[in-house]
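First the structure, then my questions, so here it is.
The values are calculated or read from the model by the stated rules, or taken from the named source; none is laboratory data. Because the structure is predicted, anything quoted here is derived from the model rather than measured. Cβ coordinates were reconstructed from backbone atoms using ideal geometry, including for glycine residues, and neighbour counts include every protein chain displayed. The protein model used for the area step is the full one, side chains on, heavy atoms only, and it has no ligands, DNA or RNA in it. Shrake-Rupley method; radii C 1.70, N 1.55, O 1.52, S 1.80 Å.
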Amino acid sequence: MVEGFEVGGVPFNPDGWGPPDSATTPTTTSNLPQNVPFAPFSRSEKLGRIADWTRTFNNPGRSKNPSDAVFDFSNDESFPASADDDASFRLVDGKPPPRPRFGPKWRFQQQRQLPHRRDEEVEAKKREAEKERARRDRQYNMNRSNVNAPRREAAVFKSSVDIQPEWNMLEQIPFSTFSKLSFSVPEPEDLLLCGGLEFYDRSVDRITPKNERRLERFKNRNFFKVTTTDDPVIRRLANEDKATVFATDTILSTLMCAPRSVYSWDIVVQKVGNKLFFDKRDGSQLDLLSVHETSQEPLPEAKDDINSAYSLSVEAAYINQNFSQQVLVRDGNKVTFEEPNPFANEGEEVASVAYRYRRWKLEEGMYLVARCEVQSVMEVNNQRSFLTLNALNEFDPKYSGVDWRQKLETQRGAVLATELKNNANKLAKWTAQALLASADLMKLGYVSRVHPRDHFNHVILAVVGYKPKEFASQINLNQNSMWGIVKSIVDLCMKLNEGKYVLVKDPSKPQVRIYEVPPDAFENDYVEEPLPEDEQVQPPTEEGQGAEPNVAANDVEDKPVDAVEA
């Protein structure tokens, strides 16, 4: 017997589609389920069967949960219209787009991670740089002549002058006070130009390590390193009361660059009336050129070693003299000035040099006159340009860690940076001298030994030109700071009584001391023995030739020093 199926009451809505309003027909809708939500039809809704447990799905991309599959009708063929609606429907969400199914996967991963890879490359370069520095440190330790020798910080330097017990120390000035000084001076005026200049040979600018040029020796040309009070022109200007302070560019540059100095130096100060004269001693090392002064690599201490500080200074002085004459056009044409060379005798051959006697105003009623040197001249755009000529010298690549023959062409900046680290004081003094002389260009030559153990023969590897003001800013040399040091020392010395004094750079501390010395100090009858004669290094000689006199120990008024072998 089959029981009957009773159909419930179906409400009728005479006003339209859908169930009638419950408020208007409470009796007809009383049998409907309560609290069941109903939403009007929308294109975004998937209308169809509620569930179908009879279908099977072979699509592996679908969900693995069978309870989810029975409620999915998105691909049911019985609803073609809804499939078209789904194709036109787009849902905005934050899900990433599907990965493409072509090409190697790493290619797309590389594109998505490019910024991260750049950071990794930067870090890798830093790690390589650290490894390179560590390698150089190991090589430095291996190449040291004596592994147990103390580092440069612990090295003991000797004073440039023997401090006598009767000397009275008046002042002690630490270099830290110099860094705070600043003084601006107006443009100087030229009082007199003396000497003659030969033209610069532009062909030397094309020298490279591959076509190096042998450094020549100029034995017949005389070079003069005359101190302030022995200069007849400065004596004449002092008698004419042209200034109250007198010096040379070498002495001024030593004072201006004092904070960069490591080796000891000394300057003699004489106060006569209201005038100050800054002098160098006979036999002073101011006329020699320091080598590796600011380097951390210690040089051999034995005086007879060709790589000792003194031997290298003598070698560098001769290299500079010969270099300054080799880069000239030696065809007899010279640019002459108002007066001839004041230190040359009649008819003798002198080096190409011009002396500019210049005057700066320090304050009202106080002027400074200095003798400044330029070594060459050239025509640029129909205008005369003055040049200073200097040479850096390489003696052994293991001390600097940079081989000029390999690096000059490809990494010239690295070579210069190494020289600025090892010879900061020397390069600063050359730049200061070029600024004092208002040189338009300063030429730096790179001169190396033919062999590291041969200090007689040298070759020019390159010549580079710089504008002094630009080079000064590059090495952090400030003109106002330079003049601030000079002005402070001048003011200090002006307060002293008449007499003779000496400024000595402390050999072990960054400071300058001022001593009051007897009037006959440093004269011919004043006995000073910084080194015994047999221990002094003679200028380089070859094949048994006799040694020439030291370039720094001149009898300046009467006999000039001949240029000797480099």
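Over segment 168-517, what percent of the accessible surface lies on carbon and sulfur atoms, probe 1.4 Å?
Numbers: 6060 of 13770 Å².
Exposed carbon and sulfur together represent 44 percent of the surface.
Another question, then. Based on the alpha-carbon gyration tensor of segment 168-517 and its eigenvalue square roots a ≥ b ≥ c, which shape applies: rounded if a/c is under 1.5, prolate if not and a/b is larger than b/c, or oblate? Let's see the in-between values first.
Details: a/c = 1.71, a/b = 1.26, b/c = 1.36.
Oblate, since a/c reaches 1.5 and b/c is not below a/b.
Which of rounded, prolate, oblate describes segment 270-332, given a ≥ b ≥ c as roots of the alpha-carbon gyration tensor eigenvalues and a/c under 1.5 marking rounded, otherwise prolate only if a/b is larger than b/c? Each step should come with its number before you reach the end.
Numbers: a/c = 2.72, a/b = 1.15, b/c = 2.35.
The shape class here is oblate.
What is the spin-label model distance, in nm, from Arg206 to Asp241 if the labels are put 7 Å beyond Cα along the C-beta direction?
5.8 nm
Calculate one ³J(HN,Hα) per residue across segment 432-446 by plugging θ = phi - 60° into the Karplus curve 6.51 cos²θ - 1.76 cosθ + 1.60, and present them in order as whole Hz with x for glycine and proline.
4, 5, 5, 5, 5, 7, 6, 5, 7, 8, 10, 9, 10, x, 10
Per residue of segment 283-294, what does 6.51 cos²θ - 1.76 cosθ + 1.60 with θ = phi - 60° give for ³J(HN,Hα)? Whole Hz please, x for Gly and Pro, Karplus curve as stated.
Per-residue couplings from phi come out as x, 5, 8, 5, 7, 8, 10, 5, 10, 6, 5, 9 Hz.
In what sequence, largest accessible area first, do Leu392, Leu492 appear using a 1.4 Å probe? Present the calculation step by step, with values, prior to reporting the outcome.
On the way: Leu392 0, Leu492 40 Å².
Correct descending sequence by accessible area is Leu492, Leu392.
Could you compute the net charge surrounding Val512? Neighbours are other residues with a C-beta less than 9 Å from the C-beta of Val512; K and R count +1, D and E count -1. Let's see the in-between values first.
On the way: positive: Lys505, Arg513; negative: Glu171, Asp506.
Every neighbour counted, the sum reads 0.
Label points 7 Å out from Cα along the Cβ direction at Glu130 and Phe157: separation in nm?
If labels sit at Glu130 and Phe157, their model points lie 3.4 nm apart.
Next up: Could you grab the relative contact order for segment 168-517? Cα pairs under 8 Å, six or more apart, rounded to a whole percent.
Numbers: 689 pairs, mean separation 112.5, N = 350.
So the answer I get is 32 percent.
Keeping all protein chains in place and using 1.4 angstrom, which order do Arg412, Arg513 fall into by accessible surface area, from largest down? Please list the in-between numbers first.
On the way: Arg412 85, Arg513 45 Å².
So the residues, ranked largest to smallest area, are Arg412, Arg513.
Which value, in Å² rounded to 10, gives the accessible area of Arg133 with a 1.4 Å probe and all protein chains present?
Here the accessible area works out near 130 Å².
Let me ask something else. Please list, in chain and number order, the residues 5+ apart from Gly499 or on another chain whose amide H is under 5 Å from its amide H, with Hs placed from the backbone.
HN-HN under 5 Å from Gly499: Lys271.
Hey, what do the phi angles of segment 389-396 turn into as Karplus ³J(HN,Hα) couplings, whole Hz, using 6.51/-1.76/1.60 and θ = phi - 60°, x for Gly and Pro?
10, 9, 9, 8, 10, 9, 10, 7
Stretched out fully, how many nm does the piece from Gln164 to Ile475 gain, at 0.36 nm a residue minus the Cα gap?
Numbers: separation 311, 0.36 × 311 = 111.96 nm, distance 3.73 nm.
Gain on extension, Gln164 to Ile475, equals 108.2 nm.
Here's something else I'd like to know. From the square roots a ≥ b ≥ c of the eigenvalues of the alpha-carbon gyration tensor of segment 339-443, which class results: rounded (a/c under 1.5), prolate (a/b over b/c), or oblate? Let's see the in-between values first.
Values: a/c = 2.14, a/b = 1.68, b/c = 1.28.
In terms of gyration-tensor shape, prolate.
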